[in-house]
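The values are calculated or read from the model by the stated rules, or taken from the named source; none is laboratory data. The structure displayed is predicted, hence computed values, not measured ones. For neighbour counting, all protein chains shown are included, and Cβ atoms are generated from backbone atoms with ideal geometry for every residue, glycine included.
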Amino acid sequence: MSVKIATWNMAYWSHKAFLTEAWEYFLDNLDCDILLFQESFPLYDKLHQDKLVWHEIGGTRPWGSGIYSSKYNIKEVLIDTKFIGSITAAEIEITEDFKLIVISVYALMEKILNVTYSIPNLHRIFSDLTGLIEGRDTKNRLVIGGDLNAVNKLLQIFLGTGENLFDRRIRVFGKLGFRTRHAQKTERVGFDKLADFAFVNNIVGNARNRFCLLRNRAQSSKRFDN
């Protein structure tokens, strides 16, 4: 049995006119069992509400991160964090004896010294996730995916360097037993777009139930984000 997982930033703030079309595309074309989505909100008339976990970021952002699976039973995993809506976690029952924990992440941008980037918030987010990442009962059944807003070439422009402390933190994931996967090059933005990541625990990735990260892009990049 193969479990297919996709991560998708729907960018509602800039693509709101196509929200219905985006969800229809997911339902009709995106062949996945579990969807991690960011910067969006669910259309409840098209989705099964008992198969969904979602929170809005709030304030000026009436959208947020969520997880949807029409195939498996799902329930929310509570996280002690101020980034509710930026991160959302759920436990998904793949089999009677195996429950996967998935976390949908959107890294909020912030301005420091007239430079806008996500790295400080990424450190705060992953610090809040430490209990799940290193917990004895959770680390071996964990998948984290989403839009981290951490594009190496943009960092070169903003910071004058191709590496930062969060890059090093990602490499530490390998020592913790995680594989790191990122989005492929996207021509429309003019640089290697490495903002979308997924972290899959090696035990999960090598399990009897094979897990696949989908790389199926929408047909019209003008209507959908990554």
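In table form, for the structure just shown:
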{"item": "Set 81, 88: member being touching a residue at least 12 places away in the same chain (Cβ under 8 Å), under 22 Å from residue 139 (Cβ atoms), β-branched (Val, Ile, Thr) and assigned to a loop (DSSP other than H, G, I, E, B)", "result": "81"}
{"item": "Answer residue from the stretch 57-83, given it is farther than 19 Å from residue 129 by Cβ and surrounded by fewer than 16 Cβ atoms within 10 Å (Cβ to Cβ) and is modelled with the highest pLDDT among those", "result": "73"}
{"item": "Number of the exception - residue 46 against (1) modelled with pLDDT of 90 or more; (2) surrounded by fewer than 19 Cβ atoms within 10 Å (Cβ to Cβ); (3) out of contact with any helix residue (DSSP H, G or I) (no Cβ under 6 Å at 6 or more places or on another chain)", "result": "(3)"}
{"item": "Restricting the stretch 86-143 to residues that are of a type in the set (A, V, I, L, M, F, W, C) and either in contact with a His (Cβ under 9 Å, 6 or more places away or on another chain) or exposed (fewer than 15 other Cβ atoms within 10 Å of the Cβ) (or both), the residue that is nearest to residue 55 (Cα to Cα)", "result": "87"}
{"item": "Qualifying position, being assigned to a loop (DSSP other than H, G, I, E, B), touching a residue at least 12 places away in the same chain (Cβ under 8 Å) and over 22 Å from residue 124 (Cβ atoms), among 75, 4, 46", "result": "46"}
{"item": "Matching residues, the stretch 40-84, being within 16 Å of residue 5 (Cβ to Cβ), β-branched (Val, Ile, Thr) and in contact with a Ser or Thr (Cβ under 8 Å, 6 or more places away or on another chain)", "result": "53, 67"}
